[in-house]
Amino acid sequence: ELPGFFYDAGKNCYFRLLPGHNNYNPLTKESIQYKAMESKRLKLLEEEEKQKKKTPRAGLNSSVLLQKRQLGLLSSRSYCRLVHELKVNCMQRRKIEIHSPDSSVAGTNNFKIIVADVACERIFTVNDVEHGGCKYGIINLNGLGKESLTVEMYDNLYFTNRKVNSVCWASLTHPDSHLCLMGIAETPGCASLLPASLFSSTNPGDRPGILCSFKLSTAWSCAWCLNPQADNCFSTGLTRRVLVTNAVTGHRQTFGTRSDVLAQQFATQTPVLYNGCRSGEIFSIDVRQRNRKGQSWKAIRLFHDSAVTSIRLLEAEHYLMAADMAGKIKLWDLRTAKCVKQYKGHHNEYAILPLHVNEEEGLLTAVGQDCYTRIWSLHDAQLLRTIPSPHPSSKDAIPSVVFSSRLGGSRGVPGLLMAVKQDLYHFSYN
């Protein structure tokens with residue numbers, strides 16, 4: 001490398017970078033990197049369309065798997081896991097048509113976040129609005145099983161003045177009855193608990209109002225507790241503190257931290273809250289105990305070298321998956337407080353990006369800051385597939401995804417939902 005110059009391997013010569021010897025020189029490091037990334041993305045898209053994707057494991061195909069299964073060389077669990085790997089490799093992209101009661105606003109705003117409920121019957125959407133703020137909506141996924149992919153979207157244009165940092169489904173009166181939203185309203189942050197029925201096709205006059213809403217310092221994350229010992233509670237990750245609120249009684253409990261809390265998740269078997277911080281620390285809080293001064297209430301403590309952006313507990317709650325801003329994804333054994341696996345290939349430098357764990361299929365999904373969606377095997381951390389974005393990579397075009405074996409409910413279709421820009425795509429199993 002020569003300072004101020006770029007070497008083009010294809011032309012076998014050097015080009016001067018800006019600032020150059022003349023006033024018209026389009027070459028900058030940023031433009032060169034973007035051009036290389038775009039070329040790679042288009043090449044991968046072409047391979048996807050021609051179905052020239054390579055299987056992640058040599059010699060892995062359906063006939064070989066079936067033969068090994070019949071010979072007793074594969075257990076039922078291993079056979080199902082490898083079949084899911086094959087299906088993931090064969091997923092094909094199809095665009096979904098979005099219908100809305102208000103046809104004038106359908107498909108006019110960019111998707112920012114999509115979050116599926118537990119049954120994967122609905123997804124809650126957060127869309128950026130041109131004049132600032134966000135628009136919220138719920139998409140019904142019943143239409144995914146049909147030949148022509150169409151979904152119904154119901155939105156409420158009243159809530160458009162808040163930027164949303166985090167959202168989660170809440171089960172207050174019945175499963176997934178409400179939504180917790182954490183965002184910024186002007187200078188202070190804002191936490192809101194909205195009923196899901198607010199986004200329905202019924203008469204607007206019959207719609208319920210916000211259950212609770214309060215201002216606080218900048219909110220980074222949220223989580224709802226499903227354990228009966230901390231019933232009706234949700235947590236909010238704030239700047240240097242954690243706030244646990246009872247949605248019915250309004251009782252609040254505050255836990256001080258030394259860093260911003262960017263990621264949270266409650267355990268289901270115990271009323272324990274796991275938190276990931278900007279400092280790289282992951283710690284747990286038993287919400288039954290009273291807050292005490294100092295750090296004595298922290299139970300489990302794990303450490304990353306960079307800010308933790310997402311944490312996910314596995315089903316048995318002996319393992320915790322965590323991703324950070326250095327692009328590292330680690331699987332921690334909570335019993336020994338040691339990292340047992342690392343999933344390589346994820347790209348992140350500064351964004352708060354979620355992880356999606358599908359333990360039933362043995363898959364881990366994450367979208368990188370480079371706008372590529374990557375899928376790994378939970379079993380051995382093998383990178384199974386890298387899916388390029390249908391749109392050119394940019395900061396405002398990072399896809400938001402949902403992966404499930406039953407999109408649209410118990411009789412739904414398996415696959416991956418991807419929301420990017422104004423479009424919604426379905427990657428279906430072949």
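The values are calculated or read from the model by the stated rules, or taken from the named source; none is laboratory data. Given the structure is predicted, the values throughout are model-derived calculations rather than measurements. All Cβ positions, even for glycine, are placed from backbone atoms using ideal geometry, and neighbour counts span all protein chains on display. Please note that ligands, DNA and RNA were not included when accessible areas were found on the heavy atoms of the full protein model with its side chains. Shrake-Rupley method; radii C 1.70, N 1.55, O 1.52, S 1.80 Å.
State the number of residues belonging to the range 85-97 that are open to solvent by 30 Å² or more (accessible area, probe 1.4 Å) and within 16 Å of LEU417 (Cβ to Cβ). Total meeting the criteria: 6. Restricting the range 410-430 to residues that are assigned to a strand (DSSP E or B) and among the small types (Gly, Ala, Ser) leaves a set whose member that is most open to solvent (accessible area, probe 1.4 Å) is SER428.
Per the listing THR254, THR270, THR245, THR236, the residue uniquely outside any strand (DSSP E or B) and not hydrophobic (A, V, I, L, M, F, W, C) is THR270. Would you confirm whether any residue within the range 156-179 is farther than 18 Å from ALA191 by Cα, at pLDDT 85 or above and open to solvent by less than 20 Å² (accessible area, probe 1.4 Å)? No, there is no match, as no residue in the range 156-179 is farther than 18 Å from ALA191 by Cα, at pLDDT 85 or above and open to solvent by less than 20 Å² (accessible area, probe 1.4 Å).
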